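One structure below.
The values are calculated or read from the model by the stated rules, or taken from the named source; none is laboratory data. Quantities reported herein were computed from a predicted structural model and do not represent experimental measurements. Neighbour counts are summed over all protein chains in view; Cβ atoms, including those assigned to glycine, are modelled from backbone coordinates with ideal geometry.
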Amino acid sequence: MNAPDTTQKTGKIILVGFGPGAQEHMSYRARAAIAEADVVIGYATYIKLVQDLLDGKEVIRKGMTEELDRCNEAWEHARQGKTVAVISSGDIGVYGMAGPTYEVLLQSGWRPGSGITVEVVPGATALSACAALVGAPLTHDFCSISLSDLLTPWPVIARRLEAAARADFVVALYNPRSGRRTGQIVEAQRILLKHRSPETPVAVVKSAYRKKQTIQLTTLAQMADCDIGMLTTVLVGNSSTFIGEGLMITPRGYANKYAELTGETVVGEKAGRSLSLGLDGWKADVRERLAQGESAVDIARFFNLPVSEIEAVIGDKSPPE
Ligand SMILES: C[S@@+](CC[C@H](N)C(=O)[O-])C[C@H]1O[C@@H](n2cnc3c(N)ncnc32)[C@H](O)[C@@H]1O
């Protein structure tokens, strides 16, 4: 790594996530940051989306594969004392330019507090935007996995798909398909189907909050046959997700505790307390099963957990509450 650069002037780099595309979903700070900038750098499509904010600014358009060029240009302009906005759709820290920019800056000798300031402006991600368009599919634990193998080896992606599927996460699939990468979504479907019903609801949302927006509600079995492209995000439900009146909804879990969602607590549960199968209740249940002669292996299988989790309860000497 280079020695810190002490010659730099006091420029600024603002890393701006401008949301899914429509002006009304851009944050106040994102708009102000672009207004404040002398130079705006971005992928040509992103520049088009904020065109009406660019009057009088130096605009640098870059192609898809020129991410590191964008970082270097931002650094060069900031060193000349300019304010530079690097723009990205969604949240710039989510599969965006924030990481590579910091990497390039640190490698070039920049340090926080050394003259050039860096600010990251968060934005609404594609997954939030797509979820909002189809209902409420992310209301419980979810994860996002990019199917792009341009910079990530496939075994890493496959391992994450397998783990997410097994753990019953709602999964947002980013970069699901492009002109050259057509097999990844088919492989993802195959891996997810190992642990999830073919009827699992799936939303395929293209160009959310942009002119060519399309929404397809389908199933895991049909997912790979949908119209999917570079600007698509695919949301795969968990085992509780359902479609009702054309909306994709993942329950928050109220039905585990309250009859008819809003009624009395169900037998054995208490409002404001962990579920009967919350951490302490579950440990008590495991101890009860062990006391009745069930093996750790059988208990692990019953709860779909590794045996090591049952062994941890056996080894836990803290007194139950
Ligand atoms: C490089 S990632 C950018 C992610 C972005 N920074 C975010 O926070 O959502 C590009 C991928 O984001 C998703 N994407 C971006 N904009 C989208 C939109 N308007 N509608 C649907 N998906 C979108 C697609 O999966 C696309 O392949």
Q. In the list L106, L68, which residue meets the criterion of being more than 16 Å from the ligand (Cβ to nearest atom) and either over 25 Å from the mean Cα position of the chain (by Cα) or not β-branched (V, I, T) (or both)?
A. L106
Q | Failed item in (1) touching a helix residue (DSSP H, G or I) at 6+ places or on another chain (Cβ under 6 Å); (2) among the aliphatic types (A, V, I, L, M); (3) outside any loop (DSSP other than H, G, I, E, B), with L261 passing the rest | A | (3)
Q: May I ask you to say which residue of A44, A124, A22, A131 is modelled with pLDDT under 95, under 30 Å from G237 (Cα atoms) and not polar (S, T, N, Q)?
A: A22
Q) How many residues does the range 207-233 hold that are under 24 Å from D168 (Cα atoms) and within 8 Å of the ligand (Cβ to nearest atom)? A) 2
Q: Taking V134 as the residue in question, decide whether it is crowded, with 17+ Cβ neighbours inside 10 Å, in the same structural domain as S27 (by TED's automatic domain parsing) and away from the ligand (no atom under 11 Å from the Cβ).
A: no
Q) Which pairs do you get when a residue that is not assigned by TED's automatic domain parsing to the domain that holds A37, found in the range 85-96, comes within reach of a residue that is in a loop (DSSP other than H, G, I, E, B) and crowded, with 24+ Cβ neighbours inside 10 Å, reach meaning Cβ atoms under 8 angstrom, with the pair 6+ apart or on two chains? A) none
Q. Across the range 172-202, which residue is farthest from the ligand (Cβ to nearest atom) among those that are under 14 Å from A224 (Cβ atoms) and of a type in the set (A, V, I, L, M, F, W, C)?
A. L193
Q. Looking at the range 111-135, which of its residues are more than 12 Å from the chain's Cα centre (by Cα), within 18 Å of S207 (Cα to Cα) and not in a loop (DSSP other than H, G, I, E, B)?
A. A132, L133, V134, G135
Q. Given the conditions (1) within 14 Å of the ligand (Cβ to nearest atom); (2) small (G, A, S); (3) in contact (Cβ under 8 Å) with a residue 24 or more places away in the chain, which single one is not true for A78?
A. (1)
**Q.** Candidate set: the range 55-71, residues that are touching a helix residue (DSSP H, G or I) at 6+ places or on another chain (Cβ under 7 Å) and modelled with pLDDT of 90 or more; chosen: the one surrounded by the fewest Cβ atoms within 10 Å (Cβ to Cβ)
**A.** V59
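Among A203, A224, A296, which is small (G, A, S), in contact with a strand residue (DSSP E or B) (Cβ under 8 Å, 6 or more places away or on another chain), surrounded by 15 or more Cβ atoms within 10 Å (Cβ to Cβ) and touching a residue at least 12 places away in the same chain (Cβ under 8 Å)?
Details: A224 fails: in contact with a strand residue (DSSP E or B) (Cβ under 8 Å, 6 or more places away or on another chain); A296 fails: in contact with a strand residue (DSSP E or B) (Cβ under 8 Å, 6 or more places away or on another chain).
Result of the check over A203, A224, A296: A203.
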